[in-house]
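Okay, so here's the structure we're looking at.
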Protein chains: 4
Amino acid sequence: MTDVQSTNEPGVLPVTDDEWIALVDELCLRYRNWGRWGADDQRGTLNFITPEVLRYAATMIKAGRVVSCGLPFDSNGPQSGGFGGRTNPVHSMLQDGGDIALGAQDHLAILRYTDDAVAMPLQCATQWDALAHIFYRGQMYNGHGLEHVTSTGATVNGIEKIADGVVGRGILLDIPRHRGVDWLEPGDAIDDVELSACAEAQAVEVRSGDIVLVRTGQIAQVRSAGSWGQYDGGPAPGLGHRAAHWLAAHEIAAMATDTWGTEVLPNDTPGVFQPLHLIMLVNAGLTIGEIFDLEGLSVACQEEGRYEFFFTAPPLPITGAVGSPINPLAIF
Amino acid sequence: MTDVQSTNEPGVLPVTDDEWIALVDELCLRYRNWGRWGADDQRGTLNFITPEVLRYAATMIKAGRVVSCGLPFDSNGPQSGGFGGRTNPVHSMLQDGGDIALGAQDHLAILRYTDDAVAMPLQCATQWDALAHIFYRGQMYNGHGLEHVTSTGATVNGIEKIADGVVGRGILLDIPRHRGVDWLEPGDAIDDVELSACAEAQAVEVRSGDIVLVRTGQIAQVRSAGSWGQYDGGPAPGLGHRAAHWLAAHEIAAMATDTWGTEVLPNDTPGVFQPLHLIMLVNAGLTIGEIFDLEGLSVACQEEGRYEFFFTAPPLPITGAVGSPINPLAIF
Amino acid sequence: MTDVQSTNEPGVLPVTDDEWIALVDELCLRYRNWGRWGADDQRGTLNFITPEVLRYAATMIKAGRVVSCGLPFDSNGPQSGGFGGRTNPVHSMLQDGGDIALGAQDHLAILRYTDDAVAMPLQCATQWDALAHIFYRGQMYNGHGLEHVTSTGATVNGIEKIADGVVGRGILLDIPRHRGVDWLEPGDAIDDVELSACAEAQAVEVRSGDIVLVRTGQIAQVRSAGSWGQYDGGPAPGLGHRAAHWLAAHEIAAMATDTWGTEVLPNDTPGVFQPLHLIMLVNAGLTIGEIFDLEGLSVACQEEGRYEFFFTAPPLPITGAVGSPINPLAIF
Amino acid sequence: MTDVQSTNEPGVLPVTDDEWIALVDELCLRYRNWGRWGADDQRGTLNFITPEVLRYAATMIKAGRVVSCGLPFDSNGPQSGGFGGRTNPVHSMLQDGGDIALGAQDHLAILRYTDDAVAMPLQCATQWDALAHIFYRGQMYNGHGLEHVTSTGATVNGIEKIADGVVGRGILLDIPRHRGVDWLEPGDAIDDVELSACAEAQAVEVRSGDIVLVRTGQIAQVRSAGSWGQYDGGPAPGLGHRAAHWLAAHEIAAMATDTWGTEVLPNDTPGVFQPLHLIMLVNAGLTIGEIFDLEGLSVACQEEGRYEFFFTAPPLPITGAVGSPINPLAIF
């Protein structure tokens, strides 16, 4: 990899909102992959995970150790209801031990059973964004319009279109550890240069088709504080817009962080909300994951002495959904 | 493996319901693993998946091909509402293209987003049973009582206790293909002898810690019929009680079928409903999966010329849940 | 009242779809009440219920007898899921006797409690349509556009706007009894002439501000059949489009039937679906109720010897909702 | 009415928790109505509303003015999730203006529709407790045991059993106005003497079969504070246990307040949580309402110069439910 960032930005930084919008527009077009895998493609950069990539990923499994990066799905989750009606999951029992105690299943001879249900926003905790989750100037990945996402769901780019993913080689870029801090502070942006430097320091070679997990430590911070605070939509550390250069240059297949929205908040592009979602999710077709719990993985990487692993996080194939709760597994 | 079944059953078959109950009771005690992995264990036979097993499983990835065994989660699913209040999933949009078209997000400059939610019984489609799902004579795996599953969920043996599973080596036993039929008929039982014969015919060596998928073809049958019919709880092909010998002898870590309830229905143990759930899930601690779509996997196994693969199906770690929807992936 | 219908229709009936559309358009404009009660009005014909009307309604209470017209809200309701994602209610317990039996509330000394929740489409059973429920050529009552009903609900004409209704004098027009049959058959239309004749035969004087319940007997029919059949959206008896003349001429405040959609199905206006909803709900501002159980009321009216009563059916003031489940009460 | 309280209490107040429990036990038995209306009765004190009572209630309608006492059902409601999994309502759209804008209903010619759903705990806002809501020493009203309320709902005393209620004469006892304050403070108890004094000051004669609404002003207080604070389960003004004498002596049919739990919190019976629920709901069979918004009614009573009115608050007949959201109407 060459020094990708040196030639990617204008010599003079944008000043006005309009100039920032123009820059993001330029990056959207620069990294656009529409048509790259065909007009009908609905998987985007997951196409970088070729059979060869997957075979190589399998060689990551050496220790036989599994680490989950999924938060518990329950009423103690990060949602405060402040953002767009997202609540924490509501779990209810259809049958439980009490019913059994009261004789409700006495017709079943010696077997008794319990049963349950859940109601939850699909992005309430650890999750993938579907490619139908974001629109840029009226279009989503591969050029589809608004009419493809109505109250009955998404007819293109829904999460079920990547039902046979997301699996491949994963790498963790542990930014707080690289910086020597416990966690990044809200507003701290991570750029392409730092991503490269962190990878180099961790002795991990970034390869086409990699699934990249970027740790900011924000979950460590909220745990230390004993409260989610403004985790769901408030100020946060995260990727800056320049990370787009790095993600595109390395042909990253999927990317996730331990924050609510992946990107530094407030965004480092005045006038543009969540620019990486526009540049990378909509235009490059990058599947983005959020609210990953990377604390256990950080420890495991240190203990294993490596920041690469086999990674699997299949979405639930909910037809027409624009996201999915997941339980990502890293396997060493 | 020796001929496990020959010495496992009484010379004279049970006749009365009480005799069948006595046989199941005997098998429950015979294959009970309570305490085997400690009094606090909540993972059961998943403990058979040692680091070594996992390393071996990784060697299954040779072709770099992924096959999903998950049914779509939507209103066309198998639930008719007939069994215990289980319905198909209800998917709803929190924000969609229509809201965008009407200007509801015009404050967001050039980005627009969609968002959604789902409400569903946890066992409405492809799923794992948690070890808290079944009680045998008032106890679940490792001896816990009814008071551990109330309206607020399971305090032991909940699905979140296996959050870092289920991953390992998978094998498919394709019974209809072995028998030379399109699918098994309702009431057709699969026993230990047939499981062994099928494995042998498929040239697959069954190993300790394997995750076994047994195909009955019932999903092919309902697709052919154009209707789920009585799939959710009605007569079905499936494993007979004698399969317990095979599952226990081979130290199977987890097991799943393409039917609603794993076991042949009506059960082959008059007087006892779902005996394998009692013997294997409660007493042996076996994680059981149901409503897997094994049609694509059947084709893939044929094409790849092998019935073994890397397998991953992480449950959603819903705190206190007694089951979880999943999207199982087989990786060749 | 004069013979309203004789001059209301063209001498020659429409033939083509376009001609029917033109007729409905004409009736929409003819009976339009937009602006009648002010540009900000969101109550429509409920404004006909003046204090004087309400005082008169009170005189209907003579016997002290109450009859509910609400169907049970449960999983045995009329919804088959066939229409637009409408399902029957899902009721779940947050705390129940079983939890108590298992000691979950032992911290509460001598009190124990149960608690529950429901999830349901607002029009799954007995309900009012809000004025925000229907659009005619892009506009709802009083001229509001599509942008007022997004995924976050209705900002105008929502059900909460009639939170202090619906209460007044009710009358039952028992058409099957008038015709001398058990129930009307699917496709049987009720027109303005029959409504007048039925009222006259029942010796009930129709007054401005009345709430009119029209019985078709379809609920008797489905009960007799032992199955809801195609009740939710299939062929049904009901009001024909000519009922608009009668409803408008009598200044009816609200109207309800015992069918899924109020109007005869298939509609008697080829090319136009649910014309009365367009003419009366959107343009006249008439609150329409559906899936009322009028069987008990029919018996009560006969027994009491009168078809008029005090009527109350307050909607739940769900903010921004376009309908509400109700339990209508007739008080003799 | 005589001075009911003077002979009802022991000369010496209880001191220990056990003595308080003994007092509550004594009152439970003293006011127990089990069997009074038959062993099968499931309506309790609503039986006090005889046809004659209802006829008298109708005479309250003189002005033709309707006042709703229902809170809006939405995400801004009083639930913080702190009590037993109760959340605010979640309203979702099945079809909305955006879908229409995008052409999703273009097959419907000139009609378009919107549709929606709600998920909510039944006691999340203005509601009735069903008689199945509370158990006293293992029994609910009329002596039924725990086995009658399981995960599938209540088989006796469910809210649907009072589907033809709650309607009759209502009276408001406006305690803050009587005391000359804006609202009562948390911990302020209202006893039988004060209820009588307030009624007398308001010149309202309390009659058998009355539905009594008691205003504490707590909703005015939380509105003034701009936050619900600890409204849902925290310290609150309300009825003290001595109110039982008054409620029983006057043969009150139903009772409601503007607080979360009707009773003063912390309760004035150390060692017993919610004693009136035990004495009056379980033993007397009194239907209790909570979270009524009595602010508008307070103003209306002042303006009308009377504290009596016709009252109607029919519960939704949700089968087996232990409570119901309602929209109570007072009609002057």
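Taking the stated definitions as given, is residue C:166 β-branched (Val, Ile, Thr) and within 10 Å of chain D (Cβ to nearest Cβ)?
Yes, satisfied.
Within segment B:152-166, the residues that satisfy the criterion of being of a type in the set (Gly, Ala, Ser) and either within 17 Å of the chain's Cα centre (by Cα) or within 26 Å of residue A:64 (Cα to Cα) (or both) are B:158, B:163, B:165.
Scanning segment C:223-245 for residues that are of a type in the set (A, V, I, L, M) and open to solvent by 10 Å² or more (accessible area, probe 1.4 Å) yields a single hit, C:225. Checking each residue of segment C:130-153 against the condition of being closer than 19 Å to residue C:284 by Cβ, at the interface with chain D (Cβ under 10 Å from one of its Cβ atoms), touching a residue at least 40 places away in the same chain (Cβ under 8 Å) and in a helix (DSSP H, G or I) gives no match. For residue C:156, the conditions (1) surrounded by 24 or more Cβ atoms within 10 Å (Cβ to Cβ); (2) touching a His at 6+ places or on another chain (Cβ under 6 Å) all hold with the exception of (1). Remark: residue A:209 matches the filter, which requires a residue to be open to solvent by less than 10 Å² (accessible area, probe 1.4 Å), touching a residue at least 12 places away in the same chain (Cβ under 8 Å) and within 14 Å of chain B (Cβ to nearest Cβ).
Yes/no matrix, rows are residues, columns are (1) modelled with pLDDT of 95 or more; (2) open to solvent by 80 Å² or more (accessible area, probe 1.4 Å); (3) farther than 25 Å from residue A:148 by Cβ:
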residue	(1), (2), (3)
A:4	no, no, yes
A:7	no, yes, yes
A:23	yes, no, yes
A:28	yes, no, no
A:32	yes, no, no
A:41	yes, no, no
A:47	yes, no, no
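Can you pull out every residue in segment B:119-128 that is touching a helix residue (DSSP H, G or I) at 6+ places or on another chain (Cβ under 9 Å) and either more than 9 Å from chain A (Cβ to nearest Cβ) or open to solvent by 20 Å² or more (accessible area, probe 1.4 Å) (or both)? Of everything in segment B:119-128, just one residue is touching a helix residue (DSSP H, G or I) at 6+ places or on another chain (Cβ under 9 Å) and either more than 9 Å from chain A (Cβ to nearest Cβ) or open to solvent by 20 Å² or more (accessible area, probe 1.4 Å) (or both), namely B:128.
The requirement of being at pLDDT below 95 and within 23 Å of residue D:254 (Cβ to Cβ) is satisfied by residue D:86. Tell me yes or no: at least one residue of segment B:58-75 is free of Cβ contacts under 8 Å to residues at least 12 places away in the same chain and under 24 Å from residue B:247 (Cα atoms). Within segment B:58-75, one or more residues are free of Cβ contacts under 8 Å to residues at least 12 places away in the same chain and under 24 Å from residue B:247 (Cα atoms).
Do we find a residue being more than 30 Å from residue A:208 (Cα to Cα), among the β-branched types (Val, Ile, Thr) and in contact (Cβ under 8 Å) with a residue 24 or more places away in the chain anywhere in segment A:11-25?
Yes: one or more hits.
Among the residues of segment A:165-201, those identified as buried (at least 18 other Cβ atoms within 10 Å of the Cβ), out of contact with any Ser or Thr (no Cβ under 7 Å at 6 or more places or on another chain), assigned to a loop (DSSP other than H, G, I, E, B) and at pLDDT 95 or above are A:186, A:188, A:191. Residue count for segment A:129-150 satisfying the condition of being in contact with an Asp or Glu (Cβ under 7 Å, 6 or more places away or on another chain), open to solvent by 10 Å² or more (accessible area, probe 1.4 Å) and closer than 18 Å to residue D:93 by Cα: 1. Could you tell me whether residue C:213 is out of contact with any Pro (no Cβ under 6 Å at 6 or more places or on another chain), more than 21 Å from residue C:282 (Cα to Cα) and outside any loop (DSSP other than H, G, I, E, B)? Criteria not met by residue C:213.
The values are calculated or read from the model by the stated rules, or taken from the named source; none is laboratory data. Fair warning: this is a prediction, and the values are worked out from it, not measured in the lab. Don't worry about glycine lacking a Cβ; one is built from the backbone with ideal geometry, like all the others, and counts go over all protein chains shown. Side chains included, ligands, DNA and RNA excluded: accessible areas come from the protein's heavy atoms. Shrake-Rupley method; radii C 1.70, N 1.55, O 1.52, S 1.80 Å.
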